[in-house]
């Protein structure tokens with residue numbers, strides 16, 4: 001997340017932390033635009049496998 005004003009960003013982070021620590025509190029933040037790189041966007045689980053033969057399935061902990 002980026003904002004041109006560093007103090008505004010710090011205030012937003014503080015508000016998010018407060019909302020996480022106090023789940024009953026509501027947080028409303030207007031969003032002007034959203035940008036993301038589709039090459040970096042990932043759908044589903046990300047799995048890295050090294051070596052081995054006949055790997056089947058994923059162990060989730």
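The values are calculated or read from the model by the stated rules, or taken from the named source; none is laboratory data. A quick note: this is a predicted structure, and the numbers were derived from the prediction, not measured. In this analysis, Cβ positions are derived from the backbone assuming ideal geometry, glycine residues included, and neighbour counts consider all displayed protein chains.
A few remarks follow.
- Taking residues in the stretch 21-42 that are free of Cβ contacts under 8 Å to residues at least 60 places away in the same chain, and partners anywhere that are not in a loop (DSSP other than H, G, I, E, B), the pairs with Cβ atoms closer than 6 Å and at least 6 places apart or on different chains are 25/19; 27/15; 27/19.
Quick grid of which residues meet (1) in a loop (DSSP other than H, G, I, E, B); (2) modelled with pLDDT under 90; (3) surrounded by 10 or more Cβ atoms within 10 Å (Cβ to Cβ):
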site: 7; (1), (2), (3): no, no, no
site: 10; (1), (2), (3): no, no, yes
site: 14; (1), (2), (3): no, no, yes
site: 23; (1), (2), (3): yes, yes, no
site: 33; (1), (2), (3): yes, yes, no
site: 40; (1), (2), (3): yes, yes, no
site: 48; (1), (2), (3): yes, yes, no
site: 56; (1), (2), (3): yes, yes, no
